[in-house]
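Asks: Below are the structure tokens for one structure; questions will follow.
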Amino acid sequence: LTSVGDALNIYYNDALTSLDMPALLSVGGDLWIYDNDALTSLDMPALTTVVDYLDIDDDDALTNLDMSSLTSVGGHLSISDIAGLTSLALPALASVGDDLHISDNDALTSLDLHALTTVGDYLYIDDNDALTSLDMSSLTSVGGHLSISDTAGLTSLDLHALASVGDDLHIYDNAALT
């Protein structure tokens with residue numbers, strides 16, 4: 001499978017432990033992967049584009065997520081409520097057309113979005129208590145709000161290329177940030 005013309009939805013598959021789609025390049029609509037209680041590995045290493053929404057939520061057992069070639073999401077991108085995920089790297093992601101929301105990933109210690117340059121609307125990184133390092137060193141613009149909050153372990157934050165935020169900029173309740 002190299003492309004899906006519209007939506008690709010994978011959810012409520014209680015026994016699914018691994019999802020491997022090594023040749024998938026693009027999804028022409030939404031990509032939703034959620035509430036797959038036993039899913040530990042999600043591999044889509046060739047995926048470059050999701051035209052609308054990309055949501056990976058409530059997959060508590062997920063420990064391995066490979067979307068290393070993802071360059072753009074046209075709608076919103078949400079990765080949240082994944083209790084077992086310790087590291088998240090989207091090294092090729094350059095743009096998100098709408099919102100980017102990464103939240104409530106209790107074990108997440110490292111978040112690498114170093115290639116991200118633009119977010120069309122809101123960017124929220126919140127309630128990732130174990131997160132210590134956040135690299136958004138190429139981010140130049142956020143069209144709406146930018147909020148990094150309630151991430152108690154955050155010690156390193158790189159936003160040195162940020163030139164504009166269209167609305168509010170909030171960095172708060174990050175107790176370890178110096």
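Asks: Give me the percent of accessible area attributable to carbon and sulfur for segment 91-178, probe 1.4 angstrom.
Replies: 47 percent
Asks: Please state the relative contact order of the chain as a whole percent: Cα pairs under 8 Å, 6+ residues apart?
Replies: 13 percent
Asks: I want to verify a result. In a Gaussian network model of the chain, Cα cutoff 10 Å, which of these has the top mean-square fluctuation: 18, 78, 110?
Replies: Comparing 18, 78, 110 in the GNM, the peak value goes to 18.
Asks: In Å and from the alpha-carbon atoms only, list the Rg and Dmax of segment 1-122.
Replies: 13.1, 38
Asks: While we're here: Given +1 on the Cβ of Lys and Arg, -1 on the Cβ of Asp and Glu, and no further charges, what dipole in debye does segment 34-137 carry about its Cα centre, rounded to the nearest 20?
Replies: 580 debye
Asks: Taking the Cβ-Cβ separation of residue 94 and residue 152 as r and a Förster radius of 35 Å, what is the calculated FRET efficiency to the nearest 0.05?
Replies: The computed FRET efficiency comes out at 0.75.
Asks: Further question: Based on Cβ point charges of +1 for Lys and Arg and -1 for Asp and Glu, what charge dipole magnitude is obtained for the chain about its Cα centre, in debye rounded to the nearest 20?
Replies: On the way: 0 positive and 30 negative charges, 156 e Å.
Dipole magnitude for the chain comes out near 760 debye.
Asks: Next up: If you average the sequence gap of Cα pairs under 8 Å that are 6 or more apart and divide by the length of segment 107-175, what percent do you get for the contact order?
Replies: With pairs under 8 Å counted, the relative contact order is 33 percent.
Asks: I'd like the projected area of segment 60-112, averaged over all directions, using the convex hull of its alpha carbons. Report it in nm² with one decimal. Provide the component values of the computation, followed by the final result.
Replies: On the way: hull surface 13.2 nm².
So the mean shadow area of the Cα hull is 3.3 nm².
Asks: Once both labels are modelled 7 Å past Cα along the beta-carbon direction, what's the residue 141-residue 48 spacing in nm?
Replies: Distance between the two pseudo-spin positions: 2.4 nm.
Asks: Here's something else I'd like to know. Just the number please: accessible area per residue for segment 1-57, 1.4 Å probe, all protein chains included, in Å².
Replies: Numbers: 2600 Å² over 57 residues.
It amounts to 46 Å² per residue over segment 1-57.
Asks: Still on this model: Counting Lys +1, Arg +1, Asp -1, Glu -1, what net charge surrounds residue 120 among other residues with beta carbon under 9 Å of its beta carbon?
Replies: Working: positive: none; negative: 98, 99, 121.
Around residue 120, the surrounding residues sum to -3.
Asks: Please give the length that would be gained between residue 130 and residue 14 if that part of the chain were fully extended, namely 0.36 nm times their separation in residues minus their C-alpha to C-alpha distance (nm, one decimal).
Replies: Value of the extension gain: 39.1 nm.
Asks: Tell me the per residue accessible area of segment 115-178 using a 1.4 Å probe; a whole number in Å² is fine. All intermediate terms of the calculation are to be shown ahead of the outcome.
Replies: Numbers: 2780 Å² over 64 residues.
Here the per-residue accessible area is 43 Å².
Asks: Moving to a separate point now. Say a paramagnetic label sat at a point 7 Å from the Cα of residue 2, along Cα to Cβ; which residues of segment 25-53 have their backbone N under 17 Å from it?
Replies: 25-28, 45-50
Asks: Could I ask something else about it? Shape verdict for segment 77-156, please, from the Cα gyration tensor: rounded (a/c under 1.5), prolate (a/b greater than b/c) or oblate.
Replies: prolate
Asks: Compute from the Cα atoms of segment 128-177 the Rg and the Dmax, the latter being the longest Cα-Cα distance, and quote both in angstrom.
Replies: When restricted to Cα atoms, segment 128-177 yields Rg and Dmax of 11.0, 29 Å.
The values are calculated or read from the model by the stated rules, or taken from the named source; none is laboratory data. None of these values were measured; they are calculated from a predicted model. Glycine gets a Cβ as well: all are built from the backbone with ideal geometry, and neighbour counts include every protein chain shown. Surface accessibility is based on the protein's heavy atoms, side chains included, excluding ligands, DNA and RNA. Shrake-Rupley method; radii C 1.70, N 1.55, O 1.52, S 1.80 Å.
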